[in-house]
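Bear in mind that the values in this text are calculations on the coordinates, not laboratory data. Computed from a predicted structure; not experimentally measured. Cβ sites come from the backbone with ideal geometry, for glycine too, and all protein chains shown count toward neighbours.
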Amino acid sequence: MINILVVEDDVKLNQLVCTYLNDSGFNAKGCLRAAEAYDLLYNNIYDMIVSDIMMPEIDGFEFAETIRKVNRHIPILFMSAKDDLPSKQRGFRLGIDDYMVKPLELDELLLRVRALLRRANIEMERKIRAGDLVLDADAMSASVNEAEVAVTSADASSVQK
């Protein structure tokens, strides 16, 4: 499943965006501040970030700049009430991938999210194929010639030795 981090200080909009993305087949997690987002990013794997700009303490510009120093490839979509060209230019110069102006059209957000993930080569179906072997990250399973192979933690520990 694709994991998306939504960083938006408006509680209702955060919940609305997360619910819409979750209902559309993604695993969206919301947080209200950039500092909280840093903690989540440190402890979890996210495939994409959707962020507001105008947030307390650390704004979206500083947040995106910090993220780009750590991860140059994760797609970042800004959603902001700031509709001026200098804000858009600054965001793109910092390395964001797309920019939406509030109020958001949720269907358009979904189109942009899917396009960014596609351009970043992040697959909706997270499977690795090597010949007849298929590893499915979402199902945490393996199969050979379409027959499921039992995988246990004991098997994994013996492979590491």
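For the chain, averaging the sequence separation of C-alpha pairs within contact (under 8 Å, six or more residues apart) and dividing by the residue count gives a relative contact order of 17 percent.
The residue list Pro75, Tyr38, Gly25 was ranked by how far each Cα lies along the charge dipole of the stretch 3-119 toward its positive end, using unit charges on Cβ atoms, and Pro75 comes out on top. Each stretch of four or more DSSP H residues adds -39500 (n - 2.57); spread over every residue of the chain, this sum gives -12500 deg cm²/dmol at 222 nm. Mean-square fluctuations from a GNM of the chain, with a 10 angstrom spring cutoff on Cα atoms, peak among Asn43, Asn71, Asn145 at Asn145.
Lysine pair count for the stretch 1-94 with Cα-Cα distance under 23 Å and sequence separation of 8 or more or different chains is 4.
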